[in-house]
Amino acid sequence: MNQTVISAQNLSLTFQTNDGPVHALKDINLDIDKGDFVSFIGPSGCGKTTFLRVMADLETPTSGTVTVNGMSPAEARMKRAYGYVFQAAGLYPWRTIGGNIRLPLEIMGYSREEQAKRVANVLELVELEGFDKKFPWQLSGGMQQRASIARALAFDADILLMDEPFGALDEIVRDHLNEQLLKLWARTEKTIGFVTHSIPEAVFLSTKIVVMSPRPGRIADVIDSTLPRDRTLDIRETQEFADIAHRVREGLRAGHAYD
Amino acid sequence: MTRLASFWHKAGPVLCILLVLIAVWYGAAVALNAAWAKDKAARAGTELTFSELVSDTMSQEKPLLPAPHQVAQEIYKTTVLKKITSKRSLIWHGWITLSATLLGFVFGTALGVLLAVGIVHSRAMDMSVMPWVITSQTIPILAVAPMVIVVLNAVGVSGLLPKAIISMYLSFFPVVVGMVKGLRAPDHMQLDQMRTWNASNNTTFWKLRLPSSMPYFFASLKIAIAASLVGAIVGELPTGAVAGLGARLLAGSYYGQTIQIWSALICAAVLAAALVALIGVIERATLKRMGMQQ
Amino acid sequence: MKNLIKGAIASAFLFGASAAQAADDVTLQLKWVTQAQFAGYYVALDKGFYEEEGLNVTIKPGGPDIAPAQVIAGGGADVVLDWMPSALASREKGLDLVNIAQPFKSSGMMLTCRKDAGVETPADFADKTLGVWFFGNEYPFLSWMNKLGLKTDGSDGGVTVLKQGFNVDPILQGQAACVSTMTYNEYWQIIDAGLTPEELVVFKYEDEGVSTLEDGMYVLGENLKDEAFKDKMVRFVRASMKGWKYAEENPDEAADIVLDNDASGAQTEKHQRRMMSEVAKLTAGSNGALDVADYERTVQSLLEGGSDPVITKAPEGAWTHEITDAALN
Amino acid sequence: MIWILFVLIFWGAMWAVNVRLAAGPQTQLTKILVPTLFGITLLVLWEGLVRGFSISPILLPPPSMIAQRFATSLPILWEDFVQTFIKGALSGYFIGCSAAFLTAIAVDRSDFLKRGLLPIGNFVAALPIIGMAPILVMWFGFDWQSKAAVVVIMVFFPMLVNTVAGLNAKDKFQDDLMKTYAASYWQNLLKLKLPAAMPFIFNGLKICTTLALIGAIVAEFFGSPIRGMGFRISTEVGRLSLDMVWAEITVAALAGSAFYGTMALIEKAVTFWHPSQRN
């Protein structure tokens, strides 16, 4: 179980802008084990999204190394090692929900029967059965985001990277989706990297919480959750939950005090 | 330093491609004019060497495609060396065209804005006029141009005005379309806000709709002024080669003076660029004052 | 209602006139752009011949889409220059055009062909492409082809007609075997372009016996009922003919006057002087009065248009000697 | 005088009807009826004024006369339509738009070319290209080929600019998504860029319909065989058959509207997903 899938060593990334260099990431060291649910939390500009993008080979680090499944992120991307869910659902308006989920499968060259099977499968996973013929703009925001998760689950990637996927949704919908996401995680046994700026969301979902702070973007604290893997929304009322949340808050505060 | 770099970042590729285009132009000039040079040589019973051929294709009096430097020389000759008041000065002809363009542009803008205001405020007008505004643009204006001029002649209007009316016909369209979009740009929330203050239609128009429409307005003006120039030139084409860039084009075509055609074309191009750039400058200044753009 | 508008226009003109000077205003619409073809009028203007007759003349240049008949119908001119075939065709359309003077005695129109296209005689026209001007200038050509028995609809054994633009490119580039030219203008453009007279064959309409009358002065018939207008025209024709005769005697000076009046700035001195000397040959035989024999011949050739004649019946009242008689005596 | 009175009354009445129709519920029927009534009003206005002021048909023929001429000259109008629209405008439109489309795709791969070509394309799109017509007639001869060439040049740049803008129009997330799928260039082009570019491409295609028709007609003024809409218009003005001229203009307007309408319909079918097309 303790196999490391993602590992970052002395990772730094500096953007050159017109106002001088911006240190988005500085000396990041982190290991993520297989089957972990890791949340990245921190204020804007702490580099959490950048870190996720580095893992996905959407950004190139200035120095240091990252390995994904023992490969460079670029190689991992070519092997389609992960699914990525963005802040906005980013569904193609000209494709139906089914068509959107089929998109990565078409690109990766799955057979037609396989495509159909998988689409039906993931639609059921995200509870969107019967919506495959609908167009994205005919659905609510929460349903769109679920479809976009389904799209990331459709192919065999054992890593799921999610960048504030529920940021734009209201709290009631968000709670519901959080619960569903946990069930999904339990059923699929994927490794999940999850960016958020909500403390309760991070604590509720994660086995490991990475607290980050800005200028330069770095890791302030890494908290291994003591909560059981199998949890429901009720767990948020427990003392244990409150303690972890407190530690996260402390970490965030320390990051600011450093400023 | 960085400003210079960003200038080259923008202008570098454009200049490169312009250079390539000029090279292609030279190549095409040699290719297209070679036939005539050979024909002439054959009739004179001589053979041309390659270098003779090339130099001949670059210096024909009425080439199929004049070389860029021939056009440049002609433009220099007809702008700098001629008095502005001379009828052989391109600046004089450009001015004739420009005045018709501007007059037509003003008419077209006024008509376009008026129609747009009417369309936004009256449902009946929106439903009945809008489809015909679109249809009006499918009529080939040049076909109507000579008639417009003659009919206007009949009521004693001649000179600048008929051309300006053709310009107006071409330029009012983008203004109507842009302004209707612009005047409808305020969203429900902004309009409801006006209602909560019990603002009259009039106030809403001046305080909300008109300011919100400004970016659309300027975007349409840029299209309209280019269209207006085309209108003025087209208006000059059929109506007797009297004066103006269109007349130069026609007279050049009539006498096979290709160099003159090209110099008039280039002059029209420069004029178009200058007019659009001018609107751009006004746009930036206005929007900046209105706080719509940094 | 019609008279009301006319009255309004007339009064506008009158007002304009009285405000400016006592001279009578006359507007002349040319058939084509400013060039030595119209030298007589520009000379009369420049030399003050019109002024001497108490006239304030405005000369409006024409162009490829200006139909002089339409301009006069719209009230844009008092006198227009037109070719008789087109004027008579307009008459049939109901526009009462009357020829009051005919300064051009002979026709300058011809077909110019390349020898290397295989044209030596009119019999060689069959299956060739011929360039023709349209816009009312096609009538002489159509009646000539009709006389030759050649179809112009593109069928076998006929000729293929191409609407020539404003220049002679089709013959230079070999797209047409022959193009329409005027002795005083386009022919020289072909020569200037580098073809030599030896490489060309010309067919003058005059020599082929199919010539029709060219540049004549036309006015609206109803205006001729007005004595004041008639008097104005008498003076106009007198001064114009004086201009023509002066131009014939001083061709170079006339050409320079034309150049001074060319607003497009596209004309060259060489070309205009040559044009003037060629035009002088065409005006030479006329004192301004219409030769009735020429008129009859023109009408005859237009009536013979076969299935599609230019005019269907001999026109009546299409000309008058009233003005020239008064002007030239 | 009676005519003018009639026209004024008719105008007022029609306007009143339209105002009432527009104030009522908007149905498919009123959507068509209102502009149609307005169009009829314009025609009646025209007819009445021409008759009322006894304007000579050599200057402005009344619509009834044009309609009569239209009905009796169908074969000629059809021949001209084929020559100018089918051969000249359509072929030029097709060649020009496809060439611009392919160029845009080629250019899209190179940022350098894009940065260089776009300003030039924008500039040329604003130019009076129609002035090239005499030159192209000189180059390509008098038949429809030169007309098609004029059309090609006229439509090329507006189409190029629109397509390039369209290919850049995709959403940033969607672009990154394709990257996470390790999609190839062609997969990215076919599955993301082209569909996302469609609204812009159709915008270009629609603008070009009018340009194509104008280009083909105007080019005929500079030399043509003895058929074609431009030829007929310029010759018939010379012959003072203004009714025929207006009949040709009617054909041009009908063809232009139909062409534009067809493109708009195809656009509606292809870009049904775009916010501007949804109800």
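The values are calculated or read from the model by the stated rules, or taken from the named source; none is laboratory data. These figures come from a predicted structure and were not determined experimentally. No Cβ is skipped: glycine too gets one built from the backbone with ideal geometry, and neighbour counts run over all protein chains shown. Ligands, DNA and RNA are stripped out before the accessible areas are found, and what is left, the full protein with its side chains, is counted by its heavy atoms. Shrake-Rupley method; radii C 1.70, N 1.55, O 1.52, S 1.80 Å.
Under a cut-off of 27 Å between alpha-carbon atoms, report the lysines in cross-link reach of C:K128, not counting same-chain residues fewer than 8 places apart.
The reachable lysines, counting only those whose Cα sits under 27 Å from C:K128, are B:K38, B:K40, B:K62, C:K115, C:K147, C:K151, C:K163, C:K204, D:K87, D:K147.
Any idea how far apart B:Y76 and A:D170 come out in nm if each label point goes 7 Å out from Cα toward Cβ?
7.3 nm
Among DSSP beta bridges whose residues both lie in chain A, state the antiparallel percentage, nearest 5. Write out the running numbers ahead of the final one.
Details: 22 of 40 bridges.
Restricted to chain A, the bridges split so that about 55 percent are antiparallel.
Quote the relative contact order of chain B in percent (integer), defining contacts as alpha-carbon pairs under 8 Å separated by 6+ residues. Write out the running numbers ahead of the final one.
On the way: 351 pairs, mean separation 61.5, N = 294.
Across chain B, relative contact order equals 21 percent.
In Å², what does the accessible area per residue of the protein assembly as shown work out to with a 1.4 Å probe?
Numbers: 48760 Å² over 1161 residues.
Each residue of the protein assembly as shown exposes 42 Å² on average to a 1.4 Å probe.
Rg/Rh for the range D:102-200: what does it come to with C-alpha atoms and Rh from Kirkwood?
Reported Rg/Rh (Cα atoms, Kirkwood Rh): 1.12.
Output the direction-averaged projected area (hull surface divided by four) of the convex hull of the alpha-carbon atoms of the range B:90-289, in nm². Don't skip to the answer; put the middle values down first.
On the way: hull surface 51.9 nm².
Averaging across all directions leaves 13.0 nm² for the Cα convex hull.
Please report the carbon-and-sulfur percent of the accessible area for the range D:46-97; probe 1.4 Å, protein heavy atoms only, DNA, RNA and ligands left out.
78 percent
Cα extents of the protein assembly as shown along the three principal axes, largest first, in whole Å?
The Cα atoms of the protein assembly as shown stretch 128, 79, 56 Å along the principal axes, largest first.
In whole Hz, with x marking every Gly and Pro, tabulate ³J(HN,Hα) for the range C:252-261 from phi via Karplus 6.51 cos²θ - 1.76 cosθ + 1.60, θ = phi - 60°.
Each residue's phi maps through the Karplus curve to give 5, 5, 4, 4, 5, 4, 4, 4, 4, 8 Hz.
Of D:S184, B:S128, which has the most accessible area and how do the rest follow, probe 1.4 Å? Please report the intermediate quantities before stating the final value.
Numbers: D:S184 55, B:S128 0 Å².
Most to least solvent-accessible, the answer reads D:S184, B:S128.
P(r) for chain C, please, calculated from all Cα pair distances in 10 Å bins and given in %.
Per 10 Å bin, starting at 0, the Cα pair percentages come out as 6, 26, 34, 23, 9, 2, 0.
Please report, in debye to the nearest 20, how large the charge dipole of chain A is about its Cα centre when each Lys and Arg carries +1 at its beta carbon and each Asp and Glu carries -1 there. Don't jump to the answer; show the numbers that get you there.
Details: 29 positive and 34 negative charges, 125 e Å.
Value, rounded to 20: 600 debye.
With a 1.4 Å probe and every protein chain kept in, tell me what percent of the accessible surface of the range A:122-207 is carbon plus sulfur.
Values: 1600 of 3210 Å².
The C+S portion of the solvent-accessible surface of the range A:122-207 is 50 percent.
Obtain the radius of gyration and the Kirkwood radius of the range C:179-329 from its C-alpha atoms and give Rg over Rh. Spell out each step's value before the answer.
Details: Rg = 18.4 Å, Rh = 18.2 Å.
The Rg/Rh ratio comes out at 1.01.
Run the accessible area of chain C with a 1.4 Å probe and give the carbon-and-sulfur part as a rounded percent. If you can, show how the numbers build up before the last one.
Values: 6050 of 12000 Å².
Of all accessible area on chain C, carbon and sulfur atoms account for 50 percent.
In Å², nearest 100, what accessible area do chains C and B bury in total when the solvent probe is 1.4 Å?
Numbers: alone 14430 and 17290 Å², together 29020 Å².
In total, this chain pair buries about 2700 Å².
Give me the inter-chain shielding for C:269-280: mean count of other chain Cβ atoms within 10 Å, whole number please. Write down the numbers at each step before the final one.
Numbers: counts 0, 0, 1, 0, 0, 0, 0, 0, 0, 0, 0, 0.
Average per residue, whole number: 0.
Would you look at the GNM of chain B, springs on alpha carbons closer than 10 Å, and say which of B:A44, B:A35, B:A116 moves the most?
B:A44
Pick out, from A:G109, A:F86, A:A154, the residue whose Cα sits farthest towards the positive end of the charge dipole of the range A:85-156, with +1 on the Cβ of Lys and Arg and -1 on the Cβ of Asp and Glu.
A:F86
With springs connecting C-alpha atoms under 10 Å apart, model chain C as a Gaussian network and identify which of C:G158, C:G221, C:G194 has the largest mean-square fluctuation.
C:G194
From the phi of every residue in the range A:130-140, what ³J(HN,Hα) in whole Hz does the Karplus formula 6.51 cos²θ - 1.76 cosθ + 1.60 yield, where θ is phi - 60° and glycine or proline is x?
x, 9, 5, 8, 7, 8, x, 6, 8, 10, 6
Compute the signed sum of charges (Lys and Arg +1, Asp and Glu -1) over the other residues within less than 15 Å, Cβ to Cβ, of B:S171.
Numbers: positive: B:K163, B:K222; negative: none.
Result for the neighbourhood of B:S171: +2.
HN-Hα J couplings of the range A:247-253 from phi, Karplus 6.51/-1.76/1.60, θ = phi - 60°, integer Hz, Gly and Pro as x?
5, 4, 4, 4, x, 5, 5
Which residues of the range D:202-247 bury at least 50 Å² of accessible area once all protein chains are present, versus their chain alone (1.4 Å probe)?
D:I214, D:F221, D:F222, D:I226, D:V237, D:G238, D:R239, D:L240
Compute for the range C:141-267: radius of gyration divided by Kirkwood radius, i.e. Rg/Rh, restricted to C-alpha atoms, rounded to two decimals. The partial results should precede the final answer.
Details: Rg = 19.8 Å, Rh = 18.6 Å.
My calculation puts Rg/Rh at 1.06.
May I ask you to derive the relative contact order of the range C:182-329, considering only C-alpha pairs under 8 Å and at least 6 residues apart, and to give it as an integer percent?
Across the range C:182-329, relative contact order equals 31 percent.
Would you please give the residues with an amide H less than 5 Å from that of A:V195, counting only those at least 5 places away or on a separate chain, with H modeled from the backbone geometry?
Amide H neighbours of A:V195: A:F40, A:M162, A:D163, A:E164.
Over the heavy atoms of D:L59, what accessible area does a 1.4 Å probe trace out, to the nearest 10 Å²?
20 Å²
Return a whole-number percent for the relative contact order of chain A, with Cα pairs under 8 Å and 6 or more residues apart as the contact set.
On the way: 492 pairs, mean separation 65.7, N = 259.
Relative contact order of chain A: 25 percent.
Computed on protein heavy atoms with a 1.4 Å probe, what is the summed buried accessible area for the chain pair A and D, in Å² to the nearest 100? Present the calculation step by step, with values, prior to reporting the outcome.
On the way: alone 12470 and 15760 Å², together 25990 Å².
It comes to approximately 2200 Å² buried between A and D.
Using amide H atoms built in the peptide plane, which far-off residues or other-chain residues are under 5 Å from C:L200 H to H?
Distant-sequence amide H within range of C:L200: C:K115.
Given only helices, namely DSSP H runs of n ≥ 4 each adding -39500 (n - 2.57), what is the per-residue ellipticity at 222 nm of chain B, to the nearest 500 deg cm²/dmol?
Working: 12 runs with 229 residues, N = 294.
Rounded to the nearest 500, it is -26500 deg cm²/dmol.
Using heavy-atom solvent-accessible surface (probe 1.4 Å) with all chains present, what is the largest-first order of B:H9, D:H274? Can you show the working numbers first?
Working: B:H9 100, D:H274 55 Å².
Greatest to least solvent exposure: B:H9, D:H274.
Relative to the Cα centre, what is the charge dipole magnitude of the range C:12-147, using +1 at the beta carbon of each Lys and Arg, -1 at the beta carbon of each Asp and Glu, and rounding to the nearest 20 debye? Show your work: numbers first, answer last.
Values: 10 positive and 16 negative charges, 79 e Å.
It comes to approximately 380 debye.
If you build a Gaussian network model of chain A, linking Cα atoms that sit under 10 Å apart, which residue out of A:P228, A:P136, A:P104 swings the most?
Among A:P228, A:P136, A:P104, the largest GNM mean-square fluctuation belongs to A:P228.
Mind checking which of D:P225, D:T30, D:V82 is farthest towards the positive end of chain D's charge dipole, using Cβ charges of +1 (Lys, Arg) and -1 (Asp, Glu) about the Cα centre?
My answer, from the dipole projection, is D:T30.
Once label points are set 7 Å from the Cα along Cα→Cβ at both D:A13 and A:E75, what is their separation, rounded to one decimal in nm?
With each label placed 7 Å out from Cα toward Cβ, I get 8.7 nm.
Which residues of the range D:168-182 end up with at least 30 Å² less accessible area in the presence of all protein chains than when their chain stands alone, using a 1.4 Å probe?
Residues shielded by partner chains are D:F173, D:Q174, D:D176, D:L177, D:K179, D:T180, D:Y181, D:A182.
For D:K31, go through the lysines and keep the ones whose alpha-carbon is under 28 Å away, minus same-chain ones fewer than eight residues off.
Counting by Cα, and skipping residues close in sequence, D:K31 has these lysines nearby: B:K181, D:K206, D:K268.
Just the number, please: percent antiparallel of the DSSP beta bridges in chain C, rounded to the nearest 5. Please list the in-between numbers first.
On the way: 17 of 32 bridges.
Here the antiparallel bridges make up roughly 55 percent for chain C.
What is the projected area of the convex hull of the Cα atoms of the range A:162-259, averaged over all directions, in nm²? Can you show the working numbers first?
Details: hull surface 25.8 nm².
Directional mean of the projected Cα hull area for the range A:162-259 stands at 6.4 nm².
Hey, what number do you get for chain D at 222 nm if only DSSP H runs of n ≥ 4 count, each worth -39500 (n - 2.57), divided across all residues, to the nearest 500?
Working: 13 runs with 208 residues, N = 279.
Mean residue ellipticity, 222 nm, calculated: -24500 deg cm²/dmol.
Please report the antiparallel percentage of the DSSP beta bridges confined to the protein assembly as shown, to the nearest 5.
So the antiparallel bridges in the protein assembly as shown amount to around 55 percent.
How much of C:E53 can a 1.4 Å solvent probe reach, expressed as accessible area in Å² and rounded to 10?
For C:E53, solvent-accessible area is about 40 Å².
Nearest 100 Å², what total accessible surface is buried between chain D and chain B (probe 1.4 Å)? Don't skip to the end; give the middle numbers.
Values: alone 15760 and 17290 Å², together 28950 Å².
The contact between B and D buries close to 4100 Å².
Rounded to the nearest 0.05, what FRET efficiency do B:W25 and D:A99 have when you use their Cβ-Cβ distance and R0 = 25 Å? Please report the intermediate quantities before stating the final value.
On the way: r = 19 Å, r/R0 = 0.74.
Computed FRET efficiency for B:W25 and D:A99: 0.85.
What nm value, rounded to one decimal, do you get for the distance between B:N202 and D:S54 when each label is placed 7 Å out toward the C-beta?
My value for the distance between the label points is 4.7 nm.
Excluding ligands and nucleic acids, what accessible area in Å² is computed for A:H23 using a 1.4 Å probe, to the nearest 10?
90 Å²
When you take every Cα atom in the range D:2-55, what is the radius of gyration, and what is Dmax, the widest Cα pair distance, in Å?
12.9, 41
Normalised by the empirical 2.2 N^0.38 Å for globular proteins, what value does the Cα Rg of chain A take? Please list the in-between numbers first.
Details: Rg = 18.3 Å, N = 259, 2.2 N^0.38 = 18.2 Å.
The value comes to 1.01.
Using just the helices of chain A, give the 222 nm mean residue ellipticity in deg cm²/dmol: DSSP H runs with n ≥ 4 each add -39,500 (n - 2.57), and the total is spread over all residues, rounded to 500. Write out the running numbers ahead of the final one.
Details: 8 runs with 96 residues, N = 259.
Result for chain A: -11500 deg cm²/dmol, rounded to the nearest 500.
May I ask you to rank B:K181, C:K204 by accessible area, largest first, using a 1.4 Å probe over the protein chains only? Don't jump to the answer; show the numbers that get you there.
Numbers: B:K181 130, C:K204 80 Å².
From most exposed to least exposed: B:K181, C:K204.
Would you kindly work out the equivalent ellipsoid of the range A:85-156 from its C-alpha gyration tensor and give its semi-axes, the square roots of five times the eigenvalues, largest first in whole Å? If you can, show how the numbers build up before the last one.
Numbers: eigenvalues 62, 29, 25 Å².
So the three semi-axes of the range A:85-156 are 18, 12, 11 Å.
Restricting things to Cα coordinates, could you compute the convex hull volume per residue of chain D in Å³?
Numbers: hull volume 45.2 nm³, N = 279.
Spelled out: Cα convex hull of chain D, divided by residues, is 162 Å³.
Do any cysteines in the protein assembly as shown lack another Cys Cβ under 4.7 Å, and if so which?
A:C46, B:C16, B:C267, D:C97, D:C208
Take every Cα-Cα pair in the range C:95-145 and report what % of them are more than 19 Å apart. Mind dumping the intermediate values first?
Numbers: 577 of 1275 pairs.
The answer is 45 percent, as a whole percent.
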